[in-house]
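Asks: What follows is a single structure, and I will ask about it in a moment.
The values are calculated or read from the model by the stated rules, or taken from the named source; none is laboratory data. Here the structure is a predicted model, which means the values were calculated and not measured. Note that we place each Cβ from the backbone using ideal geometry, even for glycine, and neighbour counts take in every protein chain shown.
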Amino acid sequence: MLYREAGDFKTSYRDDSQTFPLKLDRMGYWVTLAVAFGVIPFVITDYWANAVLVPFLIYAIAALGLNILVGFGGQVSLGTGGFMAVGAYATYKLTTTFPEISLLIHILLAGGITAAVGVFFGLPSLRIKGFYLAVATLAAQFFLVWLFNKVPWFYNYSASGQITAPERTFLGYVISGPATSAPAKYLVCLAFAVALAWVARNLTRGTAGRKWMAIRDMDIAAEIIGVNPLTAKMSAFAVSSFFIGVAGALLFSIYLGAAEASETFGINKSFLVLFMVIIGGLGSIFGSFAGAAFLVVLPVFLKNVLVGAFGWPTDLAAHVELMIVGALIVFFLIVEPHGLAQLWRLTKEKLRLWPFPH
Amino acid sequence: MSPTSQTILSELAPPPAAPAPSADGYVTADGRKIGGVLMDLRHITLRFGGVTAIKDISFDIREGEIRAIIGPNGAGKSSMMNVMSGFYVPQEGEVWFRGAKRPPMRPYQVARQGLARTFQNIALFDGMSVLDNIMTGRLTMMKSSLLEQALWWGRAEAEETRHREQVEKIIDFLEIQNIRKTPVGRLPYGLKKRVELARALAAEPKLLMLDEPMAGMNVEEKEDMSRFILDVNDEFGTTIALIEHDMGVVMDLSDRVVVMDYGRKIGDGTPDEVRNNQEVIDAYLGVAHD
Amino acid sequence: MEQLLYASEVLVNGLMAGVMYSLVALGFVLIFKASGVFNYAQGVLALFAALTLVGIQQGQVPFAHLINAITGSHISSFGWTVPSLLAILLTALVMVGLAILIEALVLKHLVGQEPIIMFMATIGLAYFLEGLGDIMWGADVKTLDVGLPQGISDTAEAWTAALTGYGFFIDRLDIWATVIAALLVAALVAFSQYTKQGRAMRAVADDHQAALSVGISLRFIWVMVWSIAGFVALVAGIMWGTKSGVQFSLSLIALKALPVLMLGGFTSIPGAIVGGLIIGVGEKLFEFYIGPMVGGATESWFAYVLALIFLVFRPQGLFGERIIERV
Amino acid sequence: MKLRFAAAVAAAMMAAAPALADLTVPNLSYRTGPYGANGNQYADGFNDYFTLLNERDGGIGGQKILTPECETAYNTEKGVECYESTKGNNALVYNPFSTGITYQLIPKVAADGIPMVTPGYGRTSAKDGSVFQWVFNPPANYWDGASVIVKHLLDVNGGDLNGKTIALVYHNSAFGKEPIRTLEELSKKHGFTLSQIPVDPPGQEQKSQWLQIRREKPDYVILYGWGVMNQAAIQEAANIRYPMENLIGIWWAGGEVDVEPAGAAANGYKSATFNGVGMDYPFYGDLKTHVLDTGKASGGGAHVGKAMYSRGMYAALIIAEGIKKAQELAGTPEITAAQMRDGLEALEITEARMTELGLPGFGQPFQLSCQNHGGSGMGMIQQWDASAKQWKLITDFIQPDEDVLQPLIQADAQAFAAENSIQPRCN
């Protein structure tokens, strides 16, 4: 009964279309934000930043992007790794060519470049559907990685083909390079994640989101009621790739500091982000965060429990970890095919009724 | 068009009750003014591979009119509607809309000219709420850019509120307020039909096309739907083309009727005229075709 | 002239490589056709089958490492070896058992879910089997030898040399793979045409509902199809394992099969074969002619791009049914 | 309920801290994934060496050495996670055994002030200690390896490679691309033709590459491969009947796992190595008594004496000697990471010392300094005897061509220094 909607009336359509229609949800949201911006930066350690929070935020951005494409647009893509590589390499080229311009602007520009590349590789979606499209996007994945591996211009002709993030500052704080403090890394990623989540929310509750979902649910009917499939699909690819490009840029410049196309942005990355989206919940912004958290935290958690607490040999632990992750994926799908977001919704619905279940 | 049907058509004398359709329109029995030609279909022929679905059919639809297309199963009615909505491109013939010949265009461009429709096998967006589904009807009127939408700034927010107000009017009109936020996939059949009508209405179309709006409904639901159709025509002055099986409904609702059978047009006129047309009677009673 | 001979050699070898890709693709097609499930775990199934085969052959104790870690013992081997043919039979039985377990624990609970959910479940399955295979049999690179010959075929070299003046390289393992693949496809076709179970399988592939209504047990069909796919995975695992040892990377051959599927269509067995051949020849010729100009290693992406371009012009794939759009 | 769960998660996320007063050398290993077979052996060798020191000598200078393992799966992100989760526990030195992870960690260890030792892998120009203050890559690096192989080929050909062709078949990654620049320089110097043949990882399918080799008939093929790529390459070489003795791999293509799947066909295959092979060393007696027989061997002792095991062991040896030196310099057994760096920069391993350790001739003598973080860079050539299933050393230590390498290393290090505004030191 504590969590309820009764008495929470809307008096305008504007109020009705806001992100969190329920007052309690809204409060929870503001408290989370306050903690994320006001408390965590002061207590965060290198370990928490680098092993948990920073990768979580970056993957949440990538998952948001992919969710826009898969969950809202209905176009399955396995090119995420390749698009992240575009973001990373674009940032590298931009920031080494124009070091005087802020890295944050370069990251956004890198997102824009990725959006353009994404649109190009999204064009076949006008003809190809379903799993055929999923496999077709692998062409983007493999080609892009090969390209970044092969053309020395992309990695400034370094001997090994690695790219390394140079030191960059923002408002006097180091935000990229080895000297970056844990709070700085965390705050940059958090700012991007929150801003992009807000953008994703705006897009999906309005015109663009309706176009995407219409195409997703029934593309022919959508076209007949006036949705241009070309612009709808391409805008989904563009927006999705923008997010993924920013995630790739952050992964390289803020988190890892160095990257190599085939290792860091391989096919596994594409699958990982897709898992996050599906486990979190297709078509859900909260789900993107939940899925990213699940798949970033779970392996670390299992490793620490199995190796740290039980003292198992690391190889056994690693194998068991694989089995547990696999079994959990299957388990979640059986229990709730619509992901963690749906699980959360159902829990909330139960909470609304609590303590009177009927 | 076969010669026989042509002769039959020419024999159909203009009934005394309704004046002959002229360029300026006519006045119906119940006194509504019908305007000029809105859509004119000229010698439409549509083939799928070797099968001819529509054979040289011509008819027109006038402003403010309720025009029905009837015929037995497989007569080519839905194909005809697909031609009208631009989904199928006929091999021969022309579609004229608002006095201009329709150039080759994609279905979404046709929709933007002011056509909206419902589908025989409901084509709603199952993953979206009723409200969102109806809002999609207004997508063609949305002007805000992607950037404005992303930042929920400028035109985006104002537009959303303005169109929402319009959609709420339609929701009130069709009496579906209580299911506004329900995902469409969970609705019963009859309500889905109503939501689909709402979506088409939201587009404020010049020509509203309804493909079997009452199929599978019980009597009560049919009565509701008939009332809505008449009200739409009445209140908004929307021109309506509809396909329907139920002869009773068609005769009650429509001003003029096209009858199709085996891809041919076998009758065209007021309900009374069509009712007395021998070929139509044969087609419906199942007289053997030669 | 010499260039042309080289190109022909590349072409022949491309065909052979294509057969190896087809072997993996076949397993995907079988499962997709009968159940609409895109089985991502097919590659891992091949790895698991090959690991099991080597384990049985060499008399390894399953879970030895786990047992040792828990009990502190030092067991590793039963100390016997099992003849190849028997080991293959036993492995096939294990794959049937696995199919039964997969059906009972995973598929049964997901009947009627959307394709992407099923796809996701098979990814979970892939993770699980990868961990299970490692725990059961250890992560070392294992040598797989069931008596298949390897290396250049002297006969082929001598013949081509006599015929053209340039002796072609043809791997004996590839010749065997071709023969075995042909036998496998023939057996599959015979099975689906002439046996009751095969007909039931085809009925399910055509129309789930209709098949159910005439009393075909979907669960039985699924177990059967997964068993057959497991057996196909075993054959693929033997071929690839003989080539480069049984190890984790074996599961990655699935990536080689995906463009074959795109090209051939997810539902067509002839498509898997012809698609494999086209991909094999295409990527080898491209690497031969264009590769040197762009720095090589084009095979990782060329197959996908080829399939993509093809699909843009023919979205249903080579042998897929034509898609007619309706409303 | 939710809070308690969160607390439990949070607690589990904190890696368990080892008892203080021990010296911690985290072992970032990988026993799963595509390179798990190699990583397994290496990690066992690394662990066992320290276990022996702990069991036999009570550690180094009375300090036990802990080697908490962390699984990286050869994945850079997991590598970073491992680094972050272990560095807080007074980690003394890192040996990530992955070139990719090394590149990630180079800036991080510099910022955190923890030395990193990358024997035979990692970033070659890290040999320049004036720029890479915290990274050490003794006794040899990738460029040394390429040069040693070419030197060997010179020896085989009476000092003349003019007009010969050498093909480089390489793993299309940072690791595989490393030797290209060296080999290009060497080809200019010695007049051989170099052709480059990349193989995209994982590389099970190399038919095109080996058909090309069969057509072009290069006199020698140098293999910079890793994982399944090695097995496939050696098998394909055997398939086309390429003379095995003309196929020479870098040391990471020189393990038993690489040749065994090809069986007898791999006989005669050569590879470089920077450490001795086999178990003909007195050291193994001690290992047997104190580690194997007491059941303390990592991974059950299944890999003792194998090539990758030996390399892991040798890496541990270098680190152990560094710890010893650091303790001497610091005058206390409880050294810090910074003192460890000083110890490594003063490290000298002589032949006499290797004999003392029970491993005469197992590793080359080398001396590190502030400037030289890479040692002498020598390597030997080993050859596979398929019937005995053994590697045999067929040369002594070969000196790489410093005239060619040194300028390359300097150029690369200076480029890195300029890019990252590092002020070179050691002057």
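Asks: Please indicate, with yes or no, whether at least one residue in the range D:357-368 is within 30 Å of A:G177 (Cα to Cα), under 23 Å from the mean Cα position of the chain (by Cα) and in contact (Cβ under 8 Å) with a residue 12 or more places away in the chain.
Replies: yes
Asks: I would also like to ask the following. For A:W312, all conditions in the list (1) away from chain C (no Cβ under 13 Å); (2) outside any helix (DSSP H, G or I) hold save one; what is the number of the exception?
Replies: Among (1) away from chain C (no Cβ under 13 Å); (2) outside any helix (DSSP H, G or I), the lone unmet condition for A:W312 is (1).
Yes or no, residue by residue, for (1) surrounded by fewer than 24 Cβ atoms within 10 Å (Cβ to Cβ); (2) at positive phi; (3) out of contact with any Asp or Glu (no Cβ under 8 Å at 6 or more places or on another chain):
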site	(1), (2), (3)
D:E185	yes, no, yes
D:K188	yes, no, yes
D:S195	yes, no, no
D:V199	no, no, yes
D:I213	yes, no, yes
D:V228	no, no, yes
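Asks: While we're looking at this one, here's another question. Of the residues D:S98, D:S85, which is buried (at least 24 other Cβ atoms within 10 Å of the Cβ) and at pLDDT below 90?
Replies: Matching residue, one of D:S98, D:S85: D:S85.
Asks: Take the residues in the range D:383-406 that are over 21 Å from D:L186 (Cβ atoms) and of a type in the set (S, T, N, Q), then tell me which one is surrounded by the most Cβ atoms within 10 Å (Cβ to Cβ).
Replies: Residue satisfying both the conditions and the ranking: D:Q383.
Asks: Taking helices (runs of 4 or more DSSP H) that fall entirely within the range D:91-184, which contain at least 1 residues that are farther than 21 Å from D:Q41 by Cβ, more than 17 Å from the chain's Cα centre (by Cα) and facing another protein chain (nearest Cβ under 10 Å)?
Replies: Those helices (runs of 4 or more DSSP H) span D:99-112.
Asks: Continuing with the same structure: Scan the range D:79-86 and tell me whether some residue there is touching a residue at least 60 places away in the same chain (Cβ under 8 Å) and either within 14 Å of the chain's Cα centre (by Cα) or in a loop (DSSP other than H, G, I, E, B) (or both).
Replies: No; the residues of the range D:79-86 include none that is touching a residue at least 60 places away in the same chain (Cβ under 8 Å) and either within 14 Å of the chain's Cα centre (by Cα) or in a loop (DSSP other than H, G, I, E, B) (or both).
Asks: In the range A:26-48, how many are touching a residue at least 24 places away in the same chain (Cβ under 8 Å) and in a helix (DSSP H, G or I)?
Replies: Within the range A:26-48, residues that are touching a residue at least 24 places away in the same chain (Cβ under 8 Å) and in a helix (DSSP H, G or I) number 8.
Asks: Somewhere in the range C:106-118, is a residue part of a loop (DSSP other than H, G, I, E, B), facing another protein chain (nearest Cβ under 10 Å), in contact with a helix residue (DSSP H, G or I) (Cβ under 7 Å, 6 or more places away or on another chain) and under 26 Å from A:F131 (Cα atoms)?
Replies: Yes, the range C:106-118 contains a residue that is part of a loop (DSSP other than H, G, I, E, B), facing another protein chain (nearest Cβ under 10 Å), in contact with a helix residue (DSSP H, G or I) (Cβ under 7 Å, 6 or more places away or on another chain) and under 26 Å from A:F131 (Cα atoms).
Asks: Inspect all residues belonging to the range D:215-223 and state whether any of them is free of Cβ contacts under 8 Å to residues at least 40 places away in the same chain, within 9 Å of chain C (Cβ to nearest Cβ) and in contact with a Lys or Arg (Cβ under 6 Å, 6 or more places away or on another chain).
Replies: no
Asks: Which one of these is closer than 21 Å to A:I220 by Cα and charged (D, E, K, R): B:R47, B:R62?
Replies: Being closer than 21 Å to A:I220 by Cα and charged (D, E, K, R) holds for just one of B:R47, B:R62, which is B:R47.
Asks: Check the range D:310-319 and report whether any residue there is in contact (Cβ under 8 Å) with a residue 24 or more places away in the chain, in contact with a helix residue (DSSP H, G or I) (Cβ under 8 Å, 6 or more places away or on another chain) and of a type in the set (F, W, Y).
Replies: Yes - at least one qualifying residue is present in the range D:310-319.
Asks: Would you confirm whether any residue within the range D:376-393 is of a type outside the set (D, E) and at positive phi?
Replies: Keep residues of the range D:376-393 that are of a type outside the set (D, E), which gives D:376-384, D:386-393.
Filter once more, so that each one left must be at positive phi: D:377, D:389.
Yes, the range D:376-393 has at least one match.
Asks: Quick one: would you say A:M276 is within 30 Å of D:G301 (Cβ to Cβ), modelled with pLDDT of 85 or more and out of contact with any Cys (no Cβ under 8 Å at 6 or more places or on another chain)?
Replies: Details: within 30 Å of D:G301 (Cβ to Cβ): no; modelled with pLDDT of 85 or more: yes; out of contact with any Cys (no Cβ under 8 Å at 6 or more places or on another chain): yes.
Answer is no for this residue.
Asks: Look at D:V257 and say whether it is part of a helix (DSSP H, G or I) and surrounded by 22 or more Cβ atoms within 10 Å (Cβ to Cβ).
Replies: Criteria met by D:V257.
Asks: Something else: B:V257: surrounded by fewer than 23 Cβ atoms within 10 Å (Cβ to Cβ) and in contact with a strand residue (DSSP E or B) (Cβ under 6 Å, 6 or more places away or on another chain), yes or no?
Replies: Here the answer is no, as B:V257 does not meet what is asked.
Asks: Could you please find all residues in the range A:289-299 being facing another protein chain (nearest Cβ under 10 Å) and surrounded by 23 or more Cβ atoms within 10 Å (Cβ to Cβ)?
Replies: Listed by number, the list holds a single entry, A:V296.
Asks: Scan the range A:93-130 for residues that are of a type in the set (G, A, S) and more than 8 Å from chain C (Cβ to nearest Cβ) and jot them down.
Replies: Passing the criteria: A:S102, A:A110, A:G111, A:G112, A:A115, A:A116, A:G118, A:G122, A:S125.
Asks: Out of A:G248, A:G257, A:G209, which single residue is over 30 Å from B:E204 (Cα atoms), touching a helix residue (DSSP H, G or I) at 6+ places or on another chain (Cβ under 8 Å) and more than 8 Å from every other protein chain (Cβ to nearest Cβ)?
Replies: Just one listed residue meets the conditions, A:G248.
Condition check ((1) outside any helix (DSSP H, G or I); (2) surrounded by fewer than 24 Cβ atoms within 10 Å (Cβ to Cβ); (3) on the phi < 0 side of the Ramachandran plot) across all residues:
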position: A:K211; (1), (2), (3): no, no, yes
position: A:I215; (1), (2), (3): no, no, yes
position: A:V227; (1), (2), (3): yes, no, yes
position: A:T231; (1), (2), (3): no, yes, yes
position: A:M234; (1), (2), (3): no, yes, yes
position: A:F237; (1), (2), (3): no, no, yes
position: A:S241; (1), (2), (3): no, no, yes
position: A:V246; (1), (2), (3): no, no, yes
position: A:A249; (1), (2), (3): no, no, yes
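Asks: Would a scan of the range C:224-232 turn up a residue that is within 14 Å of chain D (Cβ to nearest Cβ), surrounded by 16 or more Cβ atoms within 10 Å (Cβ to Cβ) and either in contact (Cβ under 8 Å) with a residue 60 or more places away in the chain or in a helix (DSSP H, G or I) (or both)? Outline the logic, then answer.
Replies: If we filter the range C:224-232 for residues that are within 14 Å of chain D (Cβ to nearest Cβ), which is where we start, we get none.
No, because not a single residue in the range C:224-232 is within 14 Å of chain D (Cβ to nearest Cβ), surrounded by 16 or more Cβ atoms within 10 Å (Cβ to Cβ) and either in contact (Cβ under 8 Å) with a residue 60 or more places away in the chain or in a helix (DSSP H, G or I) (or both).
Asks: Considering only residues that are assigned to a loop (DSSP other than H, G, I, E, B) and within 13 Å of chain D (Cβ to nearest Cβ), which ones fall in the range C:242-278?
Replies: C:G245, C:Q247
Asks: Could you figure out which of (1) facing chain C (nearest Cβ under 9 Å); (2) of a type in the set (G, A, S); (3) touching a residue at least 24 places away in the same chain (Cβ under 8 Å) isn't true of D:G295?
Replies: Going through (1) facing chain C (nearest Cβ under 9 Å); (2) of a type in the set (G, A, S); (3) touching a residue at least 24 places away in the same chain (Cβ under 8 Å) one by one, D:G295 breaks only (3).
Asks: Does the range D:222-237 include one or more residues that are aromatic (F, W, Y) and assigned to a strand (DSSP E or B)?
Replies: yes
Asks: Could I ask something else about it? Is the range A:131-138 home to any residue that is more than 8 Å from chain C (Cβ to nearest Cβ) and among the small types (G, A, S)?
Replies: Yes: one or more hits.
Asks: Still on this structure, I have one more. Which residues, counting only those in the range C:130-148, are in a helix (DSSP H, G or I), more than 7 Å from every other protein chain (Cβ to nearest Cβ) and crowded, with 24+ Cβ neighbours inside 10 Å? Before the answer, list the steps.
Replies: So the first thing to find is which residues in the range C:130-148 are in a helix (DSSP H, G or I), and the list is C:130-137.
With the extra rule that they be more than 7 Å from every other protein chain (Cβ to nearest Cβ), the set shrinks to C:133, C:136-137.
Residues satisfying the conditions are C:G133, C:W137.
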